[in-house]
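The values are calculated or read from the model by the stated rules, or taken from the named source; none is laboratory data. Just so we're clear, the structure is a prediction, and the values are computed from it rather than from any experiment. Ideal geometry is used to build each Cβ from the backbone, glycine not excepted, and the neighbour counts take in all protein chains shown. Please note that ligands, DNA and RNA were not included when accessible areas were found on the heavy atoms of the full protein model with its side chains. Shrake-Rupley method; radii C 1.70, N 1.55, O 1.52, S 1.80 Å.
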Amino acid sequence: MTDFPDALVLKLCFAPGLWEHSVNTFLLCRAALDALRVPDGPARKEILLAALCHDLGKAEWPEPLFSLPRHAIPEADWTLMKAHPLTGADLLKEIWPEAPERALEIIRRHHERPGGAGYPRGLEDPGLPALLVAACDVCAAMLEDRPYRPKLTLEAALAEAARFAPEAVARAVGEAAGKVLGFPKGGIERAQPAG
Ligand SMILES: [Fe+2]
Ligand SMILES: [Fe+2]
């Protein structure tokens, strides 16, 4: 990979809370990759680039959209909101034409969920790299204060990630959260199926 362009950092810095969230997601993802014993190399770098830039599409949002809870987002803005994985990948490619395609695809998929439950394309199987970034994204977001709510507990954040992430990924994110965010280790407890 070539040098990380300054324009990318500037884009992430000037949207409310976006730099902090991007860095939190990156740090959690890096520790989760360590927990999963993913060695240094192109695949690891692509996942980390995607973790840092996953919400780049939000850099184009009007500022008031950052301070609204989901239920208060006006209907007209939902299209914009749901497009941010695709617009973010396009923006990264525009700013940095050498950005690896696999990193761009992870960005496009970071709100996709297994079984077609996510957006924007409703993919059946988003794939492990995208689900790892998604799990780190969800945990980082829930552990951050937002204008419309205080940060949530680590337990709640990990439970949310465990709803869609494969078990090994969820466990690695739990271990990573213990290391990066200073919470106790222990991974994610999964409820045993009844009967
Ligand atoms: Fe996002
Ligand atoms: Fe995010």
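A straight Cα-to-Cα reach below 19 Å connects residue 45 with the lysines 93, residues fewer than 8 places away in its own chain not being considered.
Please sort 163-170, 7-14 by packing, taking for each peptide the average over its residues of neighbouring beta carbons within 10 angstrom, highest first.
In descending order of packing, they fall as 163-170, 7-14.
Rounded to the nearest whole angstrom, the semi-axes of the ellipsoid equivalent to the chain, taken from the Cα gyration tensor as √(5λ), stand at 24, 20, 17, largest first.
Sorted largest first by accessible area at a 1.4 angstrom probe radius, with every protein chain in place, the residues 119, 148 fall in the order 148, 119. Mean separation of Cα pairs under 8 Å and 6 or more residues apart, divided by the residue count, gives the range 1-135 a relative contact order of 24 percent. Measuring nothing but protein heavy atoms, the accessible surface of the chain at 1.4 Å probe radius is 56 percent carbon and sulfur. A Förster distance of 30 Å, applied to the separation of the beta-carbon atoms of residue 83 and residue 128, puts the FRET efficiency at 0.80. What net charge do the residues around residue 80 carry, taking every other residue with its C-beta under 15 Å from that of residue 80, with Lys and Arg at +1 and Asp and Glu at -1? Value of the local net charge: -3.
Segment residue 63..residue 10, full-extension length gain: 17.5 nm, with 0.36 nm per residue of separation and the alpha-carbon distance subtracted.
Taking the Kirkwood radius as the inverse of the mean 1/r across Cα pairs, report the Rg/Rh of the range 1-84.
We get a ratio of 1.04 for the range 1-84.
Across the options 111, 96, 169, the greatest Cα extent toward the positive end of the charge dipole of the range 93-182 (unit charges at beta carbon of Lys, Arg, Asp, Glu) belongs to 111.
In this structure, residue 45 and residue 76 have a Cβ-Cβ separation that, at R0 = 25 Å, corresponds to a calculated FRET efficiency of about 0.10.
If I take all pairs of Cα atoms in the range 12-58, what percentage of them are more than 14 Å from each other? It works out to 48 percent of all Cα pairs. Full extension of the chain between residue 153 and residue 23 yields a length gain of 44.9 nm, computed as 0.36 nm times the residue separation minus the alpha carbon distance.
Think of each Lys and Arg Cβ as +1 and each Asp and Glu Cβ as -1; about the Cα centre, that makes the dipole of the range 64-147 roughly 140 debye.
Database note for the chain: Cys without another Cys beta carbon under 4.7 angstrom, 13, 53, 139.
In the chain, a dipole from Cβ-located charges (positive for Lys and Arg, negative for Asp and Glu) runs towards its positive end, and of 138, 86, 76 it is 138 whose Cα lies farthest in that direction. Diffusion of the range 110-153 by Stokes-Einstein, at 10 °C in a medium of 1.306 mPa s and with Rh set to the Kirkwood radius over alpha-carbon pairs, works out to 142 µm²/s.
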